[in-house]
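Q: Have a look at this one.
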Amino acid sequence: MNTQSQRIRFSLAMAVLTLVCIGTHSGASLAQAYPAKPVRIVLPIAPGGLQDQLARGIANDLSKLWGQPVIVENRPSAGGIASVENVARSAADGYSIMEIDNFSLVTNQLLRKNLPYNLDRDFTPVIVLVAAKNIVVASNDLPAKNIQDLIVLARAKPGVLNYGSFGIGSIAHIDMEAIAALAGVTFTHIPYKGGAPLMQAVMTNEVSFALAGMTAAIPLIRQGRIKALAYGGLQHSMVFPELPTLSESGLKGFESAAWFGWWVPAGTPQTIVTKIYTDTAKVLATAEFQEKFVFGAGHEPSSLPGAKVSDLLKENMVTVAARIKSLNLALE
């Protein structure tokens, strides 16, 4: 090989090495500089709910860790679509984070047409924050102590027992209808416009029972204003360890649960995605945070990394699709 060829090859090799070093240095610099301005966490729900409380708790601790404001921005909309679209159209720089539950994402994909976003194309998953199991609660006037009693009552009077949910197509609606189908009974569904009016309806016996989130149900159960019939997780609740699960109540393998996760716009540098994940997981792991916002709210810790979120969502899609198959549901 002549000297000129050697020089050309050497020059090319040095150029490639320089580009790699620049890329690596740039990525590291991005992570070190981030965040250099306020970060927003966009939620598809109104302030005050369990998802909002979780976001605000994380935002408060990340603000201290990052030395920059982390702002929770509530954008309530049907199915969370407007809020998802807002983040999808945001700059891919880590300053806009979407927090949403898996159930909303899955039901939107299965039941709605012409979504203004594509989850796989427009987003990069960052982290699963917590798992949120549901709980079957009932009015104190209902003569049932557990799910078996409830099923016996429903068989004696088909369609007479009514239950509440926080909306048509919600997890409380779809899962309760799936439970009814498995048990071979029928219930009358009454939708409400949120968890607060739903709990009020159970307390006043406006509805006989409901499938509800743990955060809203825990204080009312402890105060004796409603009663618990079964836990939606496959393992016993840490809050109510004596409460049987749905699976133990004759519905083998049935779980009623959701999880809350974070996504950022596709194209966000991986170094920034990794920093958001690492620092958020650090917040979630602190004993004080877990006591107040995880175990104290009836959740279960997760911190599943973004690389595994897509597969988990696909599994959820299969489960929910099977549950809604017989419901003839369609959302605008």
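Derivation of every value follows stated rules applied to the coordinates shown; laboratory data play no part. These figures come from a predicted structure and were not determined experimentally. Cβ atoms come from the backbone with ideal geometry, glycine included; neighbour counts cover every protein chain shown.
Q: At most 12 other Cβ atoms within 10 Å and a DSSP loop assignment: could you name the trypsin sites (Lys or Arg not before Pro) in the range 83-135 that fit? Before the final figure, lay out the partial values.
A: Values: sites: 89, 112, 113, 121, 133; in loops: 89, 112, 113.
Answer by residue number: 89, 113.
Q: Please give me, ordered by residue number, the trypsin sites (Lys or Arg not before Pro) of the range 163-255 that lie in loop per DSSP and have at most 14 other Cβ atoms within 10 Å.
A: Values: sites: 193, 222, 225, 227, 252; in loops: 193, 225, 252.
Answer by residue number: 193, 252.
Q: Given a Förster distance of 41 angstrom, what is the FRET efficiency for residue 282 paired with residue 193, based on the Cβ-Cβ distance and rounded to 0.05? Kindly include the intermediate steps, with their values, before the conclusion.
A: Numbers: r = 37 Å, r/R0 = 0.89.
With a Förster radius of 41 Å, E is 0.65.
Q: For a footprinting-style exposure proxy, rank 189, 173 by other Cβ within 10 Å, fewest first.
A: Details: 189 16, 173 23.
Final ranking by Cβ density, sparse to dense: 189, 173.
Q: Continuing with this model, one more query. Please state the charge dipole magnitude for the chain, taken about the Cα centre, from unit charges on C-beta atoms (+1 on K and R, -1 on D and E), reported in debye and rounded to the nearest 20. Please report the intermediate quantities before stating the final value.
A: On the way: 27 positive and 24 negative charges, 98 e Å.
So the dipole magnitude of the chain works out to roughly 460 debye.
Q: Then there's this: How about residue 37: which lysines have a C-alpha closer than 24 Å to its C-alpha, ignoring those fewer than 8 places off in the same chain?
A: Counting by Cα, and skipping residues close in sequence, residue 37 has these lysines nearby: 64, 275, 282.
Q: Based on the Cβ-Cβ distance of residue 148 and residue 303, what FRET efficiency does E = 1/(1 + (r/R0)^6) give at R0 = 30 Å, to the nearest 0.05? Display every interim value, and only then the final one.
A: On the way: r = 36 Å, r/R0 = 1.20.
Result of the calculation: an efficiency of 0.25.
Q: Then there's this: What size of dipole, in debye to the nearest 20, comes out for the range 133-249 about its Cα centre when the only charges are +1 on Lys and Arg C-beta atoms and -1 on Asp and Glu C-beta atoms?
A: 160
Q: Same structure, new question: If you count the DSSP beta bridges with both ends in the chain, what percent of them are antiparallel, to the nearest 5?
A: Numbers: 26 of 41 bridges.
DSSP beta bridges in the chain are roughly 65 percent antiparallel.
Q: Tell me, what is the FRET efficiency for residue 33 and residue 234 to the nearest 0.05, using R0 = 35 angstrom and their Cβ-Cβ distance as r? Let's see the in-between values first.
A: Working: r = 43 Å, r/R0 = 1.23.
Calculated transfer efficiency: 0.20.
Q: If each of residue 291 and residue 252 carries a label point 7 Å out from its Cα toward its Cβ, how far apart are those two points in nm?
A: Each label point lies 7 Å from its Cα, and together they span 4.2 nm.
Q: Something else about it: Would you indicate which of (i) 102, 41, 31; (ii) 95, 40, 33; (iii) 72, 44, 41 is the value of Cα extents along the principal axes in Å derived from the coordinates of this structure?
A: Given (i) 102, 41, 31; (ii) 95, 40, 33; (iii) 72, 44, 41, the structure-derived one carries the label (ii).
Q: Helix by helix through the chain, keep the DSSP H runs that span 27 Å or more along the axis on Cα and average at least 1.6 on Kyte-Doolittle, and give those back in order. Let's see the in-between values first.
A: Details: long enough: 3-33 (44 Å, 0.65).
The answer is none, since no helix passes both cut-offs.
Q: Between beta-carbons, use under 12 Å as the cut-off and find the net charge around residue 99, counting Lys and Arg +1, Asp and Glu -1. Walk me through the intermediate numbers first.
A: Values: positive: 40, 56, 75; negative: 52, 73, 101.
Taking every Cβ under 12 Å from that of residue 99, the sum is 0.
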